[in-house]
Amino acid sequence: MMDVILVMNAGSSSIKFALYPADSDTRMALVQGKIAGIGSAPDFIISKSGEYHLHEDELESIEASATHAELTIRLLDWIQAHTAGFSLRAVGHRVVHGGRSFAAPVVIDPDIMNELETLVSLAPLHQPNNLAVCQAIARRHPGLPQVACFDTSFHRTQPRLSQLFALPRAMTDAGIIRYGFHGLSYEYIASILPEIAGSVAEQRVIVAHLGNGSSMCAMKNRQSVASTMGFTALEGLMMGRRCGTLDAGVVLHMMEQMGMNSQEVTDLLYRQSGLLGVSGISNDMHVLEGSSDPHAREAVNLYCHRAATQLASLVCTIDGLDALVFTAGIGENSALVRRKICEKLSWLGVSLDGDDNEANATQISDDASSVRVHVIPTDEEAVIVKAVREAID
Ligand code: ADP
């Protein structure tokens, strides 16, 4: 029997999962996959090892309305039935919100669970799913160690001014501050950057996590100094379906003058805006890049314009820029987006090698560039599994 660690990453309509050996420091998963379409048409996609495919009759027995908790139980059943040589040793979870107090991963016990529940109001779309998955596993496997790893923790090193809104102090005291997200991705890049960039890794670095959700983080000494995402995962860059930074007056106008209720505004800002809203075609950058429709082109251009201008504001927080790292689906794969963003940063001394950029090479800046530009695939699961291994050691 091999002891294994299960890593769970529960999003609003999907759960990504992976199994890793417990007694090794490998970043390679034994099995990984995704339950997609939660709430509409759940589907198990096992993306590694041909041995582990879900049979059609098993899929058919899953209700369309199955919840995150119910599907977690189905996943545990599936692991038990299809991975005979594995023994579940511990579970690691990506948890969106750790509030002010969780600056590191934590082993979940009933007191911690109560504390995490108090943070649901800060991330109502995501935190309940994260906690429902933890609770379902605890019911099935009481006593199995479960470790929560937070998307906000990495940013707790930020200076106070990066975390404050210009709101009355009572609001700040009530927790209305800029928490920052995508912390597990930034932590992974920070951990691997010295191997790629040497001592530059400790200098003034901006990491651009450009995926369906997009944000940037400014670092010094591989610690977060500022980020574009704030109180929620809505602030900052334009995203696949989210608008990013928006004059708060627009929200008031929608509610007071246009008669929209909070549910309608939430849906508009989180699901109907961003690349999808501006293009009217798709939230998917790859699709938009392949389209000749002028609205698709405008959406891509706006994405890059807003990324470059917000990157420039982060440069102020670290007094300059020595390295820029692109990561996540768009950052790792879109030469066009990287080129358009970097063209707007020539005044900072950024200059790309066109061929290396097209090839998604690890270093894409040319010799003349005063800023090193890298493309580094992120691996949030690697950060979670490392934390679990340390917790159960
Ligand atoms: P998530 O936030 O859901 O994890 P990802 O990091 O997987 O998102 O990024 C998804 C985005 O990456 C999509 O917009 C997709 O179109 C984009 N993407 C993936 N491959 C390419 C590519 N070759 N060219 C352009 N965009 C790409």
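One table, with the values for the structure above:
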read-out: Eligible aspartates and glutamates near K386 by straight Cα distance, threshold 20 Å, same-chain separation 8 or greater; value: D3, D23, D25, D109, D151, E187, E195
read-out: E343 accessible area, assembled protein chains, probe 1.4 Å, Å²; value: 110
read-out: Theoretical ellipticity at 222 nm over the chain - DSSP helices of four or more residues, -39500 (n - 2.57) apiece, nearest 500; value: -11500 deg cm²/dmol
read-out: Sequence of K34, K340 when ordered by accessible area, the most exposed leading, probe 1.4 angstrom; value: K34, K340
read-out: Overall form of the chain per C-alpha gyration tensor (a/c, 1.5; a/b vs b/c); value: rounded
read-out: Acute angle (nearest 10 degrees) that the helix 127-140 long axis makes with the longest principal axis of the chain, alpha-carbon atoms; value: 20
read-out: Spatially proximal aspartates and glutamates relative to K340 (Cα-Cα < 20 Å; intrachain offsets below 8 disregarded); value: D284, E289, D293, E298, D322, E332, D353, D355, D356, E358, D366, D367
read-out: The chain: relative contact order as a whole-number percent, Cα under 8 Å and 6+ apart; value: 13
read-out: Three-way shape call for region 351-393 based on the alpha-carbon gyration tensor, with the a/c threshold at 1.5; value: prolate
read-out: Helix 68-82 vs. the chain, principal-axis angle (Cα, 0 to 90°, nearest 10); value: 60
read-out: Degrees, to the nearest 10: 294-317 long Cα axis against longest axis of the chain; value: 80
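The values are calculated or read from the model by the stated rules, or taken from the named source; none is laboratory data. Since the structure is predicted, the reported quantities are computational estimates derived from the model, not experimental observations. Just the protein is used for accessible areas: all its heavy atoms, side chains included, with ligands, DNA and RNA removed. Shrake-Rupley method; radii C 1.70, N 1.55, O 1.52, S 1.80 Å.
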